[in-house]
Amino acid sequence: MEIGIVTIFPEIFGAVSGFGMTRRALESGNLAFSVFDVRDYASDRRRTVDDRPYGGGPGMVLTPGPLAECIDAARQKVSGPVVYLTPQGEQFDQGTARELAGLSGLILLCGRYEGVDERIVETRVDREISIGDYVLSGGEFPAMVIVDAVARLLPGVVGNEKSVLEDSFNEGMLDCPHYTRPENFEGLDVPKVLLSGNHEEIRQWRMEQALERTRVRRPDLVRSAGRSETEN
Ligand code: SAM
């Protein structure tokens with residue numbers, strides 16, 4: 001899969017290419033990643049990409065000219081929908097991550113200031129996605145959230161693919177609790193069943209824990225699982 005990023009802060013994405021699972025995805029060739037700097041398409045020497053809003057008011061707006069050229073350059077290289085990260089978009093979740101991971105390409109457009117000129121949304125954007133009901137100062141961190149969530153779903157990226165399948169939200173449930181050495185930590189023991197070596201009992205215990213956690217912490221997930229079962 002190839003992901004293109006359109007941003008005025010390309011350096012931020014060093015965090016994606018330099019660390020962890022996303023770095024592994026890039027190194028293994030399962031993910032290709034191109035960052036397009038909007039300032040490269042500015043027409044003045046100061047590489048200006050923003051201006052005051054028509055109608056007045058606080059803040060600046062990303063101007064359409066450099067953005068349009070930058071997105072068009074990204075489209076020449078990367079196929080797939082252009083997604084604008086915005087708090088006004090549909091909410092990102094594991095289902096959306098799975099859907100995006102099925103694409104061969106994707107372009108993520110990062111806003112800044114008050115956002116992008118609306119005509120960019122009208123002429124260049126296929127889909128608008130939010131990572132939650134709060135406002136960040138730019139679309140770069142939301143884009144990184146999406147890249148990470150998508151990259152770990154690509155085949156061959158996470159060493160043990162079973163671990164991805166057992167993560168929260170994949171079966172409509174939260175994950176079970178996990179323990180590692182030592183057996184006793186500050187007076188707290190690892191649950192005995194995990195030391196038993198009985199794989200069936202361990203599987204059963206993990207399932208019960210996951211169900212109970214989901215029931216207590218996210219009853220909405222249990223309700224929607226129930227609904228889809230009745231629908232089937
Ligand atoms: N004036 C905009 C509004 O109220 O809808 C917010 C602009 S915000 C300060 C600047 C940029 O950050 C946005 O254009 C968007 O790209 C990004 N952004 C902020 N919060 C976000 C969120 N929850 N999800 C996705 N992108 C977000």
In the list 25, 15, which residue meets the criterion of being part of a helix (DSSP H, G or I), aliphatic (A, V, I, L, M), more than 19 Å from residue 103 (Cα to Cα) and within 20 Å of the chain's Cα centre (by Cα)?
15
With 162, 192 as the choices, which residue is out of contact with any strand residue (DSSP E or B) (no Cβ under 6 Å at 6 or more places or on another chain), away from the ligand (no atom under 16 Å from the Cβ) and modelled with pLDDT of 95 or more?
192
Scan the stretch 128-147 and give yes if some residue there is surrounded by fewer than 16 Cβ atoms within 10 Å (Cβ to Cβ), away from the ligand (no atom under 12 Å from the Cβ), more than 13 Å from residue 86 (Cα to Cα) and of a type outside the set (D, E, K, R), otherwise no.
no
Taking only the stretch 10-24 into account, find how many residues are out of contact with any strand residue (DSSP E or B) (no Cβ under 7 Å at 6 or more places or on another chain), open to solvent by 40 Å² or more (accessible area, probe 1.4 Å) and closer than 20 Å to residue 110 by Cα.
3
In the set 35, 61, 16, the lone residue that is among the aliphatic types (A, V, I, L, M) and out of contact with any helix residue (DSSP H, G or I) (no Cβ under 6 Å at 6 or more places or on another chain) is 61
So which residues in the stretch 113-127 are near the ligand (Cβ under 9 Å from one of its atoms) and open to solvent by 40 Å² or more (accessible area, probe 1.4 Å)?
113, 114
Answer yes if at least one residue in the stretch 150-158 is buried (at least 19 other Cβ atoms within 10 Å of the Cβ) and within 16 Å of the ligand (Cβ to nearest atom), and no otherwise.
yes
Would you mind telling me which numbered condition in (1) within 8 Å of the ligand (Cβ to nearest atom); (2) open to solvent by 10 Å² or more (accessible area, probe 1.4 Å); (3) closer than 20 Å to residue 35 by Cβ residue 80 fails?
(1)
Which condition from (1) of a type in the set (S, T, N, Q); (2) over 28 Å from residue 87 (Cβ atoms); (3) open to solvent by less than 100 Å² (accessible area, probe 1.4 Å) is the one that residue 224 breaks?
(2)
Quick one: in the stretch 83-112, which of the residues that are open to solvent by 70 Å² or more (accessible area, probe 1.4 Å) and in contact (Cβ under 8 Å) with a residue 60 or more places away in the chain is nearest to residue 32 (Cα to Cα)?
104
Residues that are surrounded by 12 or more Cβ atoms within 10 Å (Cβ to Cβ), out of contact with any strand residue (DSSP E or B) (no Cβ under 7 Å at 6 or more places or on another chain) and in contact (Cβ under 8 Å) with a residue 60 or more places away in the chain: does the stretch 170-185 have at least one?
yes
Residue hits (the stretch 25-47; open to solvent by 30 Å² or more (accessible area, probe 1.4 Å) and either free of Cβ contacts under 8 Å to residues at least 12 places away in the same chain or within 19 Å of residue 139 (Cβ to Cβ) (or both)) are 26, 27, 29, 33, 35, 39, 40, 41, 44, 45, 46, 47
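The values are calculated or read from the model by the stated rules, or taken from the named source; none is laboratory data. The model shown is predicted, which means the values in this text are computed figures rather than measured ones. Here the Cβ is made from the backbone with ideal geometry for all residues, glycine too, and neighbour counts use every protein chain on show. What goes into the accessible areas is simple: the full protein's heavy atoms, side chains included, and nothing from ligands, DNA or RNA. Shrake-Rupley method; radii C 1.70, N 1.55, O 1.52, S 1.80 Å.
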